[in-house]
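What follows is a set of notes on a single structure, which appears directly below.
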């Protein structure tokens with residue numbers, strides 16, 4: 001009897017001692033005595049648990065364009081989760097979730113048994129048991145307990161595991177105090193990793209199924225829940241057999257806990273995975289070039305304003321309209337695919353890099369590769385041995401390359417790849433709402449994955465004849481009329497001290513007709529001699545000054561050739577912004593692409609407004625619109641080939657541009673509510689069509705603009721209508737009907753016209 005009492009007494013003593021030890025141990029872990037156990041999250045941490053969030057880029061019509069992140073994560077609320085997803089999670093991870101307060105005692109017993117068995121077998125049995133509740137797993141996700149806040153004892157085998165578990169218990173209990181069960185479930189799914197660079201349930205649902213979390217069914221939910229603990233092993237794209245096996249286990253749990261009946265269970269087991277797999281990155285989705293340009297801007301903005309673009313979950317609202325962006329991307333894709341076919345046939349059997357005399361440039365590829373950082377790094381690695389470097393560059397390997405019919409798997413060397421890609425024509429397109437400065441569509445190239453260079457803002461080329469409206473704007477602003485008559489005759493600029501000491505620009509066909517024509521007709525036909533005539537009248541410096549006034553921010557040299565677009569390189573971004581000045585009654589409005597930025601809670605951080613400045617008089621701006629309409633209306637106008645549907649009950653102004661040797665093709669089109677422009681050319685200026693007829697802006701760039709505008713007008717959802725240019729508020733005292741001058745012009749001989757013009761204007 002006494003012996004039994006002693007045993008019971010000892011058991012109670014052992015139990016009490018164990019309980020006291022456990023209590024002391026928990027308190028010690030919580031307060032991290034002598035830094036033995038590692039730190040715990042503070043009360044403030046628990047109230048506002050932080051997790052790195054992707055910053056999101058939105059269109060003006062509230063479509064997600066893209067994200068910027070280190071870890072691709074976008075949070076959702078509980079009511080944005082499907083019932084099927086929540087149920088699947090509970091039957092898989094924590095069936096008693098709603099019955100415990102962060103710690104599941106039954107699961108704890110199971111986990112304890114696993115630890116004891118592991119110790120007894122010296123670790124050979126593995127970590128059986130599990131036992132972590134969803135709340136405990138959330139604690140790990142939020143605070144990274146096993147990877148951070150280590151103490152002196154954290155590295156001790158088995159003891160470190162026990163410390164981590166105790167930490168999880170403590171944090172889990174505290175989380176249950178601060179948050180509702182629904183909030184905990186949502187936070188857990190938001191903070192989990194699902195593989196394939198997806199963090200959080202919203203990104204996972206989009207990555208694997210292109211769905212929202214609210215749309216996930218049992219099949220999809222089971223696959224995603226299966227990823228929670230082993231995202232690589234159960235990845236349905238890379239390891240489908242493992243994923244199916246895990247899914248079957250989860251389906252059985254649904255049946256076991258009476259969520260689905262036998263019939264439903266049997267039907268689920270035979271379902272396909274039904275993946276719609278696509279990993280989010282900067283090369284896929286809408287507006288890829290635009291997103292990259294904005295990213296570079298936002299990095300600087302975030303640094304100046306104390307934010308981290310890649311973790312602070314900012315909401316960046318842009319001026320891009322996703323529907324217009326779709327039309328722009330389709331137009332560039334369709335027309336460049338067509339044009340590339342023509343270009344490839346044009347150069348079939350020959351390389352397209354030629355000099356001004358039409359001969360192939362010797363060692364073009366070798367000299368091109370030598371300018372790259374890749375070559376310079378190889379040269380350094382091989383101790384400046386160029387033979388070894390080129391041996392390496394000519395090594396064949398498996399490679400995937402771009403084509404207009406889809407990606408191609410081939411065997412190429414680096415030099416083969418360079419040669420292949422140099423045969424492609426490139427393009428840029430941008431569309432602006434002129435009165436607001438909102439950029440509505442931006443296509444920087446033909447494929448962002450393979451061609452990173454942006455041809456809207458980053459790329460700059462000679463503008464060719466698209467600079468001519470600036471010359472004529474300066475002329476009209478200085479008192480000349482659109483009907484002012486000028487002879488198509490040689491114009492010579494004296495260049496003292498240069499060799500030769502003069503410059504005489506040719507027309508594109510190297511001929512002068514001797515015809516007298518109005519400034520409107522001359523601009524419509526893009527006659528070089530008459531543009532030069534007006535430049536000589538005004539001075540090249542005046543042209544440069546006006547270019548700057550109406551938005552050309554690139555440096556232009558005040559040389560005579562500036563009138564033909566050879567005074568410096570400009571971007572498509574600047575040109576389209578400058579032409580918008582004509583629509584906006586002479587007010588230049590800086591094109592801009594971000595309307596506002598909000599923090600992750602939706603609080604406004606900054607609202608953006610464009611810079612504006614008066615560049616031209618209202619009258620001059622309207623007269624320039626009249627001039628631009630001439631490209632379609634005047635006989636011989638460079639835009640006469642435009643689809644008549646575009647000008648039916650609609651004012652359209654336009655200007656084509658083609659640089660020397662047809663290296664660049666430009667087209668800028670203006671309507672009362674959109675100003676849009678396209679550029680087409682090779683990566684290098686030496687890559688182009690051999691004949692002007694093929695490479696001129698009307699043949700290369702204009703079709704892009706035309707398709708875009710036809711699609712825009714055909715999209716009833718957009719509500720973008722045709723219309724007329726706004727008239728000035730004041731009466732125009734300039735005659736717009738040049739027919740009143742026509743009889744006089746026709747009756748005059750060339751000699752009599754020359755008599756009326758100062759000889760210094762020509763020679």
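Can you find a residue in the stretch 308-322 that is closer than 30 Å to residue 64 by Cα and loosely packed, with under 12 Cβ neighbours inside 10 Å? There is no residue in the stretch 308-322 that is closer than 30 Å to residue 64 by Cα and loosely packed, with under 12 Cβ neighbours inside 10 Å.
Residue-wise test of (1) buried (at least 17 other Cβ atoms within 10 Å of the Cβ); (2) assigned to a strand (DSSP E or B); (3) in the same structural domain as residue 479 (by TED's automatic domain parsing).
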position: 640; (1), (2), (3): no, no, no
position: 645; (1), (2), (3): no, no, no
position: 650; (1), (2), (3): no, no, no
position: 678; (1), (2), (3): yes, yes, no
position: 694; (1), (2), (3): no, no, no
position: 698; (1), (2), (3): yes, no, no
position: 708; (1), (2), (3): yes, no, no
position: 712; (1), (2), (3): yes, no, no
position: 725; (1), (2), (3): yes, no, no
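Assess whether residue 397 counts as being exposed (fewer than 12 other Cβ atoms within 10 Å of the Cβ) and either without any contact (Cβ under 8 Å) to a residue 12 or more places away in the chain or more than 29 Å from residue 662 (Cβ to Cβ) (or both). So residue 397 passes the test.
Taking the options 466, 513, 436, name whichever one is closer than 16 Å to residue 582 by Cα, surrounded by fewer than 24 Cβ atoms within 10 Å (Cβ to Cβ) and in contact (Cβ under 8 Å) with a residue 12 or more places away in the chain.
436
Considering the stretch 212-245, and only residues there that are closer than 17 Å to residue 77 by Cα and surrounded by fewer than 17 Cβ atoms within 10 Å (Cβ to Cβ), the residue that is nearest to the chain's Cα centre (by Cα) turns out to be 212. Of the residues making up the stretch 315-352, those that are assigned to a helix (DSSP H, G or I), closer than 30 Å to residue 364 by Cβ and out of contact with any helix residue (DSSP H, G or I) (no Cβ under 9 Å at 6 or more places or on another chain) are 333, 337, 340, 341, 344, 345. The residues in the stretch 499-521 that are assigned to a loop (DSSP other than H, G, I, E, B), out of contact with any helix residue (DSSP H, G or I) (no Cβ under 6 Å at 6 or more places or on another chain) and either under 21 Å from residue 542 (Cβ atoms) or outside the structural domain of residue 538 (by TED's automatic domain parsing) (or both) can be counted, and the count is 1.
Within the stretch 652-676, the only residue that satisfies the criterion of being surrounded by fewer than 17 Cβ atoms within 10 Å (Cβ to Cβ) and over 23 Å from residue 433 (Cβ atoms) is 660. Against the definition (assigned to a helix (DSSP H, G or I) and free of Cβ contacts under 8 Å to residues at least 12 places away in the same chain), how does residue 548 come out, yes or no? Yes.
Which ones in the stretch 463-491 are part of a loop (DSSP other than H, G, I, E, B) and touching a helix residue (DSSP H, G or I) at 6+ places or on another chain (Cβ under 9 Å)? Let's see the steps before the verdict.
Filtering the stretch 463-491 for residues part of a loop (DSSP other than H, G, I, E, B) gives 463, 478-484, 488-491.
Residues satisfying the conditions are 463, 478, 480, 481, 482, 483, 484, 488, 489, 490, 491.
The requirement of being surrounded by fewer than 23 Cβ atoms within 10 Å (Cβ to Cβ), at positive phi and more than 33 Å from the chain's Cα centre (by Cα) is not satisfied by residue 197. The requirement of being surrounded by fewer than 19 Cβ atoms within 10 Å (Cβ to Cβ), in contact (Cβ under 8 Å) with a residue 24 or more places away in the chain and in contact with a strand residue (DSSP E or B) (Cβ under 7 Å, 6 or more places away or on another chain) is not satisfied by residue 572. Only one entry in 203, 279, 294 is part of a helix (DSSP H, G or I), under 20 Å from residue 54 (Cα atoms), modelled with pLDDT under 95 and within 20 Å of the chain's Cα centre (by Cα), namely 203.
The values are calculated or read from the model by the stated rules, or taken from the named source; none is laboratory data. Given the structure is predicted, the values throughout are model-derived calculations rather than measurements. Here Cβ is always computed from backbone atoms with ideal geometry, including for glycine, and neighbour counts include all displayed protein chains.
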